[in-house]
1. Looking only at segment 198-214, which residues are in contact with a helix residue (DSSP H, G or I) (Cβ under 6 Å, 6 or more places away or on another chain) and within 21 Å of residue 157 (Cα to Cα)?
2. Mind counting the residues in segment 147-179 that are more than 20 Å from residue 215 (Cα to Cα), without any contact (Cβ under 8 Å) to a residue 60 or more places away in the chain and in contact with a helix residue (DSSP H, G or I) (Cβ under 6 Å, 6 or more places away or on another chain)?
3. What residue, of 82, 73, is surrounded by 14 or more Cβ atoms within 10 Å (Cβ to Cβ) and within 25 Å of the chain's Cα centre (by Cα)?
4. Kindly establish whether residue 114 is in a helix (DSSP H, G or I), at pLDDT below 80 and over 30 Å from residue 272 (Cβ atoms).
């Protein structure tokens, strides 16, 4: 019986270190993991430079193997430290962790798969757990809520922009014509989108005075359009400001949901007792 208790305590401690950042050990683990991720990405970037790879190929290969083995150990530890391993394995981070670990092993079988280690960049999302700043975690939650609440308004706005681009593109096709680069309506709509978004590649440009006048109006209109979705989301974020609470990095050992409220005893998602 005592052995079982010791085993449970060991798993809880491992879960606290790996999945949370409330302790010194947890912060250290995440910092080391973050450094390893950045180092791995740098290795991939340097390896793509043929002159550098030719000179330091053995060093790059050995370094990548060391990091891959570390990530493999981390992946296994994450599985054995939770009550429901399948929850982690098929979660977003679980899939990313798996995909970022196997490329080096697959390089023995398939040529070119080693480049898939760039997927490790997605794991940098864990940097927010290291920062452990409640106001940023709360702000990110409010942003998600605001985006969901304003998705209908943004969809209507985007639909309006599409209609405007189609109309303006068609008008420019009639005014400028094929001789000025507006060879068809799809190309003209492409020009309208590029101009309205103030990108301005310059591959197509109006030549007639009327076309230039319309282009100037579209450019000015583009700046005003940029502010509309920002205002919509900002308004929804202001509404949700009063609901903001302090959250921590505690992760549920059963369902892996994080961002629990400070001093929470039970998981808000599955109801399990938090460590």
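The values are calculated or read from the model by the stated rules, or taken from the named source; none is laboratory data. From a predicted model like this one, the values you see are computed outputs, not experimental measurements. A quick note on method: Cβ atoms are made from the backbone with ideal geometry, for glycine too, and the neighbour counts reach across all protein chains shown.
1. Result: 198, single match.
2. 0
3. Working: 73 fails: surrounded by 14 or more Cβ atoms within 10 Å (Cβ to Cβ).
Among 82, 73, only 82 is surrounded by 14 or more Cβ atoms within 10 Å (Cβ to Cβ) and within 25 Å of the chain's Cα centre (by Cα).
4. Details: in a helix (DSSP H, G or I): yes; at pLDDT below 80: yes; over 30 Å from residue 272 (Cβ atoms): yes.
Yes; evaluated as a whole, the condition is true for this residue.
Here's the yes/no breakdown for (1) farther than 30 Å from residue 182 by Cα; (2) under 23 Å from the mean Cα position of the chain (by Cα); (3) surrounded by 13 or more Cβ atoms within 10 Å (Cβ to Cβ); (4) at pLDDT 80 or above:
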{"site": "199", "(1), (2), (3), (4)": "no, no, no, yes"}
{"site": "217", "(1), (2), (3), (4)": "no, no, no, yes"}
{"site": "225", "(1), (2), (3), (4)": "no, no, yes, yes"}
{"site": "251", "(1), (2), (3), (4)": "yes, yes, yes, no"}
{"site": "265", "(1), (2), (3), (4)": "yes, no, no, no"}
